[in-house]
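Down below is the structure, laid out as structure tokens.
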Amino acid sequence: MPSIHNIVQVKKENIPLMDTMYYAFFTSGMMSTLIGAILPFMKTEYNMSYVLSGAVISAHQVGNFFALFIAGVLPYLIGRKRTTLTLSLGIVIGFLLMTLTANPILLVLAFIFTGVGRGSLSNITNVVISEISGNKTAALNFLHASFSVGAFLAPFLAILCTTVFGIHWRISAWILVVFEIIALFAIGRSSLSNKPMHRKNDEGNDFVKSGRFWLNTFILFFYLCTEASVIGWLVTYFKDSGIFNTVMAQTTSSALWLCILTGRLLCAFLSSKMDKNILLVILGVFQVVFFLMMISVHSAWLIYLSIFGFGLAMSGTYPTTLSTMDKRFNSSTLATGTCIAVATLGAIAMPVLVGIVAQKSGIAGGIATISISIFCMLALIILKWIFSRGKNKLLQNA
């Protein structure tokens, strides 16, 4: 059986760097779901209101948003390695701070720090893996699969520390800090450059003027609208609507992440066997079908079937879209950072919109608004496929 570095076509000297990037993104995935897992415990102990609970979640996304811009510019000043170590340290600072204080201002600041760390890791890992791999689509799908593994395991870490062993929610946060320190140590010993990068004369203008760059960016924008909203509201929807009890509702989140992991590994395989733009169309259509099925049925087995289908379809959209970007943009931290930052606006805005609609018309109406972002994403994916067909015909006629 071929190893991962053979599948993604990474040179032998770059294997340690690849492993470091995968592990770093794994810790980022752990952090992303551990926040949601320990927030209820923080809310109870710190007497946090719903407003403050929502504010700290938004603060995380705001930190993530600004980090993506900073991580795109700072390597040109201090180099990739120093940039990554400096910004990723935000995860360590943030999680330590949130275990030490109940001060609302400091809590918001702590979550901003975690967002800064997450955004910087997302930028650097996607750029480096794109650069060192010959099969970018497979490599990026494996990268995002490592994120999914971390995201899937983190809630179980919280459960072990609180329910099973009855220790404390802070222990799970401190364990994550240890994992992150190991990642920072590995990055510090990696082959990432410490020297400031040299910007090409036309690098800053090329992606801004590229229609295809913005097409891919807005596909990711609407995808993250969907991903952030579904992950954030799924358990609440099934619980508050009365479809499932609390335990059953919580299992839907685990089922979704398990399918996302499986789907990303499957897409990593399929990406080398078929046209990537056709793969995106298939994934987009299935997202529409299974999401509408998920919010329309009340049978438990049909709901889980729709969750499995939706998770599988959702899994490969982000890395596959990112891998079809122009090579110049994939190798630019500025272009990649701008793309992910703009797309992240969707992750900030859509969950709030779902909450506003849910407040006025109920949770079912709120969750149904997510279908708007899925339809918009599918429309842009089809447009991307049409453009790719036209480009291929021009190349054949040349």
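Every number here is computed from the coordinates shown, using simple stated rules; none is lab data. Computed from a predicted model, the values in this text were never measured in an experiment. Quick reminder, even Gly has a Cβ in these numbers, built from the backbone with ideal geometry, and neighbours come from all protein chains shown.
Here are the numbers for the structure shown:
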item	result
Helix runs (DSSP H) in the chain reaching 27 Å along axis by Cα, Kyte-Doolittle at least 1.0	50-73, 80-98, 104-132, 136-159, 169-188, 246-270, 333-361
Sites residue 255 and residue 102 - FRET efficiency at Förster radius 45 Å, r taken between beta-carbons, to 0.05	0.85
Cβ-based exposure ranking for 60, 298, in which fewest neighbours within 10 Å come first	298, 60
Built amide H within the under 5 Å cut-off of residue 10, gap 5+	134
Gyration tensor verdict on segment 21-177 (Cα atoms; rounded if a/c is under 1.5, prolate if a/b is larger than b/c, oblate otherwise)	oblate
Subset of 12/276; 11/327; 239/276; 12/273; 12/195 violating a 30 Å alpha-carbon distance limit	239/276
The chain: C-alpha gyration tensor shape, a/c 1.5 cut-off, then a/b vs b/c	oblate
Where labels lie 7 Å past Cα in the beta-carbon direction, separation of residue 11 and residue 300 in nm	5.5 nm
Mean Cα-pair separation over length for the chain, i.e. relative contact order, pairs under 8 Å, 6 or more apart, %	24 percent
FRET efficiency estimate (nearest 0.05) - Cβ-Cβ, residue 274 to residue 209, R0 35 angstrom	0.70
Dipole magnitude (debye, nearest 20) for the chain, charges at Cβ of Lys, Arg, Asp, Glu	900 debye
The chain: calculated mean residue ellipticity at 222 nm from DSSP helix runs of at least 4, using -39500 (n - 2.57)	-27500 deg cm²/dmol
